[in-house]
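Below you'll find the structure, written out as structure tokens, and then a few comments.
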Amino acid sequence: MRVLGIYGSPREGGNSDLLLDAALEAAQAEGAEVERLYVRELGDLQGCTECGACDDTGECIIEDDMVEVYPRLERAEAIVLATPIFFYSLPAQAKALVDRAQALWNRRRLSKPRERWRDYDSGRGYLIAVGATRGKSLFVGLEFTAKYFFDALDMSYQGGLRVREVEAKGAVRGRPELLEEARALGRAVAQGRGFSREY
Ligand SMILES: Cc1cc2nc3c(=O)[nH]c(=O)nc-3n(C[C@H](O)[C@H](O)[C@H](O)COP(=O)(O)O)c2cc1C
């Protein structure tokens, strides 16, 4: 199982980083082949310009760091997207990557008949999300975004780990139960199972 972990936070060593590290280490221990993609290290990542070029081709024409990212998204058999909540959504840098998946959505639309759009042939997607507050609806918007990001990649959304009330950098270190849940998520990813826990 080739697993790609996408680190969506601009904060190195922050909460979503630590949870994704724990999940990927556990996935690797289960025999998964693990790759890591740090969105904050992509120096040249533009947002989608809605130019429409990919509508007919499924190919994005913007020449920036996404050129290297697309094949990594396509090679993965499972993806774990880890991100903090920023204004009930993703940080802008990670959202740019998500929006650029529009080219892959078009590729899927062009290559797969409409009656098969509910079938996912490229693997499974998972979400790790952390936020500082404790509202009931904290993850609602982000979960839709993640589900349809994975849909564009022809991957089925399999849930994940959603954590409220962590704010300071590295706060999850003081919550060993969360790191244990992240390891459980990593094992589920490696075994191709769904997973859903919310704190
Ligand atoms: C720009 C910005 C916006 C944020 N918006 C929210 C928010 O809407 N809801 C929330 O609960 N926390 C919000 N937070 C808090 C972060 O989600 C929280 O600190 C999280 O633990 C950061 O994760 P990280 O260490 O992986 O970056 C925001 C933080 C920043 C810097």
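The values are calculated or read from the model by the stated rules, or taken from the named source; none is laboratory data. Keep in mind that what you see is a predicted model, and the values were worked out from it rather than measured. Methodologically, a virtual Cβ is constructed for each residue, glycine included, from the backbone with ideal geometry; neighbour enumeration extends over all protein chains shown. Surface areas here come from the heavy atoms of the whole protein model, side chains and all, with no ligands, DNA or RNA. Shrake-Rupley method; radii C 1.70, N 1.55, O 1.52, S 1.80 Å.
Counting residues in the range 155-168 that are modelled with pLDDT of 95 or more and closer than 19 Å to residue 99 by Cβ gives one or more. Residues that are of a type in the set (Asp, Glu) and in contact (Cβ under 8 Å) with a residue 12 or more places away in the chain: does the range 158-168 have at least one? Yes, the range 158-168 has at least one match. With the condition kept exactly as written, say whether any residue in the range 84-92 is within 16 Å of the ligand (Cβ to nearest atom), without any contact (Cβ under 8 Å) to a residue 60 or more places away in the chain, over 15 Å from the mean Cα position of the chain (by Cα) and assigned to a loop (DSSP other than H, G, I, E, B). Yes, there is a match, as at least one residue in the range 84-92 is within 16 Å of the ligand (Cβ to nearest atom), without any contact (Cβ under 8 Å) to a residue 60 or more places away in the chain, over 15 Å from the mean Cα position of the chain (by Cα) and assigned to a loop (DSSP other than H, G, I, E, B).
To keep it simple, each residue is scored yes or no on (1) open to solvent by less than 20 Å² (accessible area, probe 1.4 Å); (2) over 13 Å from residue 16 (Cα atoms).
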{"position": "142", "(1), (2)": "yes, yes"}
{"position": "145", "(1), (2)": "no, yes"}
{"position": "159", "(1), (2)": "yes, yes"}
{"position": "164", "(1), (2)": "no, no"}
{"position": "168", "(1), (2)": "no, no"}
{"position": "173", "(1), (2)": "no, no"}
{"position": "177", "(1), (2)": "no, yes"}
{"position": "186", "(1), (2)": "yes, yes"}
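Of all residues in the range 12-56, those that are free of Cβ contacts under 8 Å to residues at least 40 places away in the same chain, assigned to a strand (DSSP E or B) and either open to solvent by 10 Å² or more (accessible area, probe 1.4 Å) or more than 16 Å from the ligand (Cβ to nearest atom) (or both) total 4.
On inspection, residue 141 does not qualify as at pLDDT 95 or above, in contact with a Ser or Thr (Cβ under 8 Å, 6 or more places away or on another chain) and closer than 21 Å to residue 40 by Cβ.
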